[in-house]
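The values are calculated or read from the model by the stated rules, or taken from the named source; none is laboratory data. Since this is a predicted model, take the numbers as computed values, not measurements. Reconstructed Cβ throughout: ideal geometry from the backbone, glycine too, with neighbour counts over all protein chains shown.
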Amino acid sequence: DMHDENACSQAPAGAPPKWTLWSDQETTDVYGRYARLHTRLIPYLYAAAKEAADTGVPIMRHPILMHPAEPDALSVEFDYYFGPSLYVAPVVRRGATTRDVWLPPGRWVDWWTLDSLDGGGHVTRDAPLDTIPLFLRSGGIVAMLDPSIETLAQESNPSVVGPSDVADVLDVRAAIDADTASGQATLVDGTSLAVSLGAGDVALPGAVSVAGSEAELSSCTSCGLIEPLSGGATRVRISTDLQPAVTLAAGSLALEHHSPNPVRIRWDVVVLAP
(Lines give C-alpha, C1' and ligand atoms only; values in the text may rest on other atoms or scores of the structure.)
Protein backbone atom coordinates (compact mmCIF):
# COMPACT_ATOMS: atom_id res chain seq x y z
CA ASP A 1 0.00 0.00 0.00
CA MET A 2 1.38 3.43 -0.95
CA HIS A 3 -0.14 6.01 1.36
CA ASP A 4 0.30 9.67 2.29
CA GLU A 5 -1.02 11.23 5.49
CA ASN A 6 -1.47 14.99 5.51
CA ALA A 7 -1.43 15.58 9.26
CA CYS A 8 0.14 14.28 12.46
CA SER A 9 -2.11 13.09 15.26
CA GLN A 10 -1.86 15.22 18.41
CA ALA A 11 0.85 17.48 17.03
CA PRO A 12 1.95 19.99 19.70
CA ALA A 13 0.95 23.62 19.36
CA GLY A 14 3.36 25.52 17.16
CA ALA A 15 4.76 22.38 15.51
CA PRO A 16 5.82 22.93 11.89
CA PRO A 17 3.62 21.44 9.16
CA LYS A 18 4.24 17.79 8.44
CA TRP A 19 6.50 17.11 5.49
CA THR A 20 4.43 15.54 2.74
CA LEU A 21 5.03 14.01 -0.64
CA TRP A 22 4.27 17.37 -2.20
CA SER A 23 6.54 19.56 -0.04
CA ASP A 24 9.32 19.80 -2.64
CA GLN A 25 10.03 18.59 -6.14
CA GLU A 26 12.70 16.07 -5.12
CA THR A 27 10.32 14.30 -2.73
CA THR A 28 7.56 14.29 -5.33
CA ASP A 29 9.92 12.93 -8.01
CA VAL A 30 11.18 10.09 -5.78
CA TYR A 31 7.63 9.16 -4.80
CA GLY A 32 6.64 9.22 -8.48
CA ARG A 33 9.51 6.89 -9.37
CA TYR A 34 8.36 4.25 -6.91
CA ALA A 35 4.67 4.78 -7.60
CA ARG A 36 5.33 4.07 -11.27
CA LEU A 37 7.35 0.96 -10.42
CA HIS A 38 4.57 -0.23 -8.10
CA THR A 39 2.03 0.23 -10.91
CA ARG A 40 4.20 -1.56 -13.45
CA LEU A 41 4.61 -4.51 -11.07
CA ILE A 42 0.87 -5.26 -11.03
CA PRO A 43 1.10 -8.50 -13.12
CA TYR A 44 3.67 -9.85 -10.65
CA LEU A 45 1.83 -8.55 -7.58
CA TYR A 46 -1.57 -9.76 -8.76
CA ALA A 47 -0.12 -13.27 -9.14
CA ALA A 48 1.36 -13.02 -5.64
CA ALA A 49 -2.02 -11.86 -4.31
CA LYS A 50 -3.72 -14.87 -5.92
CA GLU A 51 -1.10 -17.13 -4.34
CA ALA A 52 -1.89 -15.52 -0.97
CA ALA A 53 -5.62 -16.12 -1.45
CA ASP A 54 -5.08 -19.72 -2.60
CA THR A 55 -2.41 -20.82 -0.13
CA GLY A 56 -2.22 -18.27 2.69
CA VAL A 57 1.39 -17.34 1.88
CA PRO A 58 1.42 -13.52 2.12
CA ILE A 59 2.83 -11.11 -0.46
CA MET A 60 5.26 -9.69 2.12
CA ARG A 61 7.17 -12.65 3.55
CA HIS A 62 9.62 -12.64 6.43
CA PRO A 63 12.70 -14.65 5.39
CA ILE A 64 12.18 -17.13 8.24
CA LEU A 65 8.99 -18.22 6.46
CA MET A 66 11.00 -19.04 3.35
CA HIS A 67 14.14 -20.32 5.09
CA PRO A 68 13.13 -21.85 8.44
CA ALA A 69 16.44 -23.73 8.74
CA GLU A 70 18.57 -20.57 8.46
CA PRO A 71 19.48 -19.20 11.94
CA ASP A 72 20.35 -15.76 10.49
CA ALA A 73 16.86 -15.41 9.02
CA LEU A 74 15.35 -15.28 12.50
CA SER A 75 17.24 -12.11 13.40
CA VAL A 76 16.11 -10.16 10.33
CA GLU A 77 14.03 -7.22 11.50
CA PHE A 78 13.00 -5.13 8.49
CA ASP A 79 13.84 -7.06 5.30
CA TYR A 80 11.30 -9.18 3.47
CA TYR A 81 10.44 -11.09 0.35
CA PHE A 82 8.05 -9.12 -1.84
CA GLY A 83 6.31 -11.96 -3.62
CA PRO A 84 8.35 -15.03 -4.59
CA SER A 85 11.17 -13.37 -6.54
CA LEU A 86 12.03 -9.99 -4.98
CA TYR A 87 13.76 -9.20 -1.69
CA VAL A 88 13.55 -5.73 -0.15
CA ALA A 89 15.84 -4.11 2.44
CA PRO A 90 14.26 -0.76 3.36
CA VAL A 91 16.41 1.95 4.92
CA VAL A 92 14.93 2.81 8.32
CA ARG A 93 17.77 4.71 10.03
CA ARG A 94 17.79 8.47 9.61
CA GLY A 95 20.79 9.65 7.61
CA ALA A 96 21.93 6.16 6.58
CA THR A 97 23.38 5.97 3.06
CA THR A 98 24.46 2.33 3.15
CA ARG A 99 22.56 -0.79 4.17
CA ASP A 100 23.86 -4.04 5.65
CA VAL A 101 21.63 -6.84 4.35
CA TRP A 102 21.42 -10.54 5.12
CA LEU A 103 20.65 -12.08 1.75
CA PRO A 104 18.92 -15.46 1.81
CA PRO A 105 20.76 -18.46 0.32
CA GLY A 106 21.14 -18.59 -3.44
CA ARG A 107 22.32 -16.18 -6.10
CA TRP A 108 20.93 -12.67 -6.40
CA VAL A 109 20.99 -9.64 -8.70
CA ASP A 110 20.83 -6.03 -7.52
CA TRP A 111 17.68 -4.67 -9.21
CA TRP A 112 19.24 -1.26 -9.87
CA THR A 113 22.89 -2.00 -10.72
CA LEU A 114 22.60 -5.60 -12.01
CA ASP A 115 25.50 -6.58 -9.75
CA SER A 116 25.73 -10.32 -9.02
CA LEU A 117 25.54 -11.23 -5.33
CA ASP A 118 25.94 -14.45 -3.37
CA GLY A 119 23.33 -15.11 -0.69
CA GLY A 120 23.60 -16.92 2.60
CA GLY A 121 25.50 -14.07 4.26
CA HIS A 122 25.68 -10.32 4.74
CA VAL A 123 26.33 -7.76 2.02
CA THR A 124 26.58 -3.98 2.23
CA ARG A 125 24.90 -1.93 -0.47
CA ASP A 126 24.89 1.78 -1.21
CA ALA A 127 21.53 3.27 -0.25
CA PRO A 128 21.30 6.93 -1.23
CA LEU A 129 18.16 8.75 -0.19
CA ASP A 130 16.30 7.89 -3.40
CA THR A 131 17.18 4.18 -3.58
CA ILE A 132 15.61 1.25 -1.72
CA PRO A 133 17.90 -1.81 -1.86
CA LEU A 134 16.02 -4.34 -3.97
CA PHE A 135 17.16 -7.77 -5.16
CA LEU A 136 15.99 -10.34 -7.72
CA ARG A 137 16.69 -13.96 -6.87
CA SER A 138 18.15 -16.39 -9.38
CA GLY A 139 15.27 -18.40 -10.78
CA GLY A 140 12.93 -15.47 -10.17
CA ILE A 141 10.71 -14.02 -12.89
CA VAL A 142 9.07 -10.59 -12.58
CA ALA A 143 6.45 -9.54 -15.15
CA MET A 144 5.71 -5.83 -15.52
CA LEU A 145 3.52 -3.52 -17.56
CA ASP A 146 4.97 -1.15 -20.14
CA PRO A 147 6.60 1.97 -18.61
CA SER A 148 3.98 4.19 -20.27
CA ILE A 149 1.16 2.91 -18.01
CA GLU A 150 -0.55 5.72 -16.08
CA THR A 151 -3.57 4.11 -14.45
CA LEU A 152 -4.88 0.65 -13.66
CA ALA A 153 -8.47 1.80 -14.05
CA GLN A 154 -10.31 0.97 -17.25
CA GLU A 155 -10.61 4.25 -19.15
CA SER A 156 -11.49 5.59 -22.58
CA ASN A 157 -9.57 8.87 -22.54
CA PRO A 158 -7.13 8.74 -25.48
CA SER A 159 -4.65 10.94 -23.59
CA VAL A 160 -4.37 8.48 -20.65
CA VAL A 161 -2.49 5.17 -20.91
CA GLY A 162 -4.52 2.43 -19.24
CA PRO A 163 -4.40 -1.38 -19.11
CA SER A 164 -6.07 -1.94 -22.49
CA ASP A 165 -3.46 0.30 -24.16
CA VAL A 166 -0.56 -1.92 -23.04
CA ALA A 167 -2.28 -5.32 -22.94
CA ASP A 168 -0.21 -6.70 -25.82
CA VAL A 169 3.25 -6.27 -24.22
CA LEU A 170 4.99 -7.38 -21.03
CA ASP A 171 8.40 -6.51 -19.71
CA VAL A 172 9.82 -9.60 -18.01
CA ARG A 173 12.91 -9.46 -15.84
CA ALA A 174 14.60 -12.65 -14.67
CA ALA A 175 17.86 -14.03 -13.32
CA ILE A 176 19.30 -17.50 -13.70
CA ASP A 177 22.46 -19.45 -12.90
CA ALA A 178 23.67 -22.95 -13.70
CA ASP A 179 22.87 -24.33 -10.26
CA THR A 180 19.34 -22.93 -10.17
CA ALA A 181 18.90 -23.97 -13.82
CA SER A 182 15.24 -22.99 -14.25
CA GLY A 183 12.44 -20.70 -13.15
CA GLN A 184 8.72 -20.47 -13.83
CA ALA A 185 5.92 -18.00 -13.18
CA THR A 186 2.20 -18.00 -13.95
CA LEU A 187 0.15 -14.81 -14.11
CA VAL A 188 -3.50 -14.48 -13.13
CA ASP A 189 -4.65 -14.36 -16.77
CA GLY A 190 -3.02 -17.75 -17.38
CA THR A 191 0.14 -16.47 -19.04
CA SER A 192 3.06 -18.76 -18.18
CA LEU A 193 6.70 -17.71 -18.32
CA ALA A 194 9.73 -19.96 -18.11
CA VAL A 195 13.49 -19.55 -18.22
CA SER A 196 16.12 -22.29 -18.13
CA LEU A 197 19.88 -22.51 -18.50
CA GLY A 198 21.98 -25.37 -19.81
CA ALA A 199 25.67 -25.78 -20.56
CA GLY A 200 27.50 -23.49 -22.95
CA ASP A 201 27.37 -19.87 -24.01
CA VAL A 202 24.37 -17.64 -24.61
CA ALA A 203 23.71 -16.26 -28.09
CA LEU A 204 20.90 -14.56 -29.95
CA PRO A 205 18.69 -16.99 -31.89
CA GLY A 206 19.30 -16.96 -35.60
CA ALA A 207 15.96 -15.32 -36.38
CA VAL A 208 16.58 -12.52 -33.88
CA SER A 209 18.39 -9.45 -35.20
CA VAL A 210 20.77 -7.30 -33.16
CA ALA A 211 19.08 -4.14 -31.88
CA GLY A 212 20.92 -0.97 -32.84
CA SER A 213 19.70 1.13 -29.92
CA GLU A 214 17.70 1.10 -26.70
CA ALA A 215 14.80 2.71 -28.53
CA GLU A 216 14.80 -0.02 -31.16
CA LEU A 217 15.01 -2.71 -28.48
CA SER A 218 11.87 -1.38 -26.79
CA SER A 219 9.79 -1.17 -29.95
CA CYS A 220 11.00 -3.98 -32.22
CA THR A 221 9.89 -7.57 -32.62
CA SER A 222 12.43 -10.37 -32.96
CA CYS A 223 15.40 -8.24 -32.01
CA GLY A 224 17.75 -8.44 -29.07
CA LEU A 225 21.02 -7.52 -27.43
CA ILE A 226 23.59 -9.40 -25.35
CA GLU A 227 25.90 -7.43 -23.07
CA PRO A 228 28.59 -8.43 -20.56
CA LEU A 229 28.12 -7.36 -16.94
CA SER A 230 30.52 -7.10 -14.03
CA GLY A 231 31.44 -10.31 -12.25
CA GLY A 232 31.25 -12.37 -15.44
CA ALA A 233 27.46 -12.17 -15.73
CA THR A 234 25.67 -11.59 -19.03
CA ARG A 235 22.55 -9.56 -19.77
CA VAL A 236 20.30 -11.01 -22.46
CA ARG A 237 17.47 -8.88 -23.81
CA ILE A 238 15.14 -10.18 -26.49
CA SER A 239 11.83 -8.78 -27.73
CA THR A 240 9.59 -11.48 -29.19
CA ASP A 241 6.98 -11.45 -31.93
CA LEU A 242 3.37 -10.71 -31.01
CA GLN A 243 2.26 -14.31 -30.50
CA PRO A 244 0.33 -16.33 -27.90
CA ALA A 245 3.32 -18.66 -27.53
CA VAL A 246 7.02 -18.29 -28.33
CA THR A 247 9.96 -20.52 -27.42
CA LEU A 248 13.45 -19.12 -27.90
CA ALA A 249 16.76 -20.97 -27.78
CA ALA A 250 19.35 -18.27 -27.04
CA GLY A 251 22.34 -20.60 -26.97
CA SER A 252 22.30 -22.24 -23.55
CA LEU A 253 19.44 -20.01 -22.42
CA ALA A 254 15.84 -21.03 -23.15
CA LEU A 255 12.96 -18.55 -22.86
CA GLU A 256 9.31 -19.49 -23.23
CA HIS A 257 5.90 -17.93 -22.85
CA HIS A 258 2.34 -19.17 -23.35
CA SER A 259 -0.58 -16.76 -23.12
CA PRO A 260 -4.33 -16.83 -23.80
CA ASN A 261 -3.87 -13.87 -26.17
CA PRO A 262 -1.08 -12.67 -28.45
CA VAL A 263 1.54 -10.78 -26.45
CA ARG A 264 5.00 -9.43 -27.10
CA ILE A 265 7.45 -10.31 -24.32
CA ARG A 266 10.46 -8.07 -23.77
CA TRP A 267 12.79 -10.42 -21.91
CA ASP A 268 15.56 -8.94 -19.74
CA VAL A 269 17.54 -11.80 -18.21
CA VAL A 270 20.75 -11.73 -16.19
CA VAL A 271 22.70 -14.97 -16.64
CA LEU A 272 25.00 -15.30 -13.63
CA ALA A 273 28.51 -16.63 -14.00
CA PRO A 274 29.33 -20.03 -12.45
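In segment 190-212, how many residues are within 26 Å of residue 43 (Cβ to Cβ) and either out of contact with any Pro (no Cβ under 6 Å at 6 or more places or on another chain) or of a type in the set (A, V, I, L, M, F, W, C) (or both)?
12
Consider segment 150-169. How many of its residues are crowded, with 16+ Cβ neighbours inside 10 Å and in contact with a Leu (Cβ under 7 Å, 6 or more places away or on another chain)? If you could, list the steps in order and put the result at the bottom.
Residues of segment 150-169 that are crowded, with 16+ Cβ neighbours inside 10 Å, as a first pass: 161-162, 165-166, 169.
Cutting the leftovers down to in contact with a Leu (Cβ under 7 Å, 6 or more places away or on another chain) gives us 166.
Going through segment 150-169 one residue at a time, the tally reaches 1.
Return yes or no: is residue 183 surrounded by 15 or more Cβ atoms within 10 Å (Cβ to Cβ), part of a loop (DSSP other than H, G, I, E, B) and modelled with pLDDT of 95 or more? Before the answer, list the steps.
On the way: surrounded by 15 or more Cβ atoms within 10 Å (Cβ to Cβ): yes; part of a loop (DSSP other than H, G, I, E, B): no; modelled with pLDDT of 95 or more: yes.
Taking the combined requirement at face value, the residue does not satisfy it.
Does residue 75 satisfy being touching a residue at least 24 places away in the same chain (Cβ under 8 Å) and surrounded by 17 or more Cβ atoms within 10 Å (Cβ to Cβ)?
Working: touching a residue at least 24 places away in the same chain (Cβ under 8 Å): yes; surrounded by 17 or more Cβ atoms within 10 Å (Cβ to Cβ): no.
Criteria not met by residue 75.
Pairs please, first residue from segment 213-231 and over 19 Å from residue 243 (Cα atoms), second anywhere and part of a helix (DSSP H, G or I), Cβ atoms under 8 Å, 6+ apart in sequence or on different chains.
225/217
Report yes if some residue within segment 243-262 is β-branched (Val, Ile, Thr) and either outside any strand (DSSP E or B) or modelled with pLDDT under 95 (or both); otherwise report no.
Taking every residue of segment 243-262 in turn, none turns out to be β-branched (Val, Ile, Thr) and either outside any strand (DSSP E or B) or modelled with pLDDT under 95 (or both).
Against the definition (under 26 Å from residue 149 (Cβ atoms), surrounded by 16 or more Cβ atoms within 10 Å (Cβ to Cβ) and β-branched (Val, Ile, Thr)), how does residue 109 come out, yes or no?
yes
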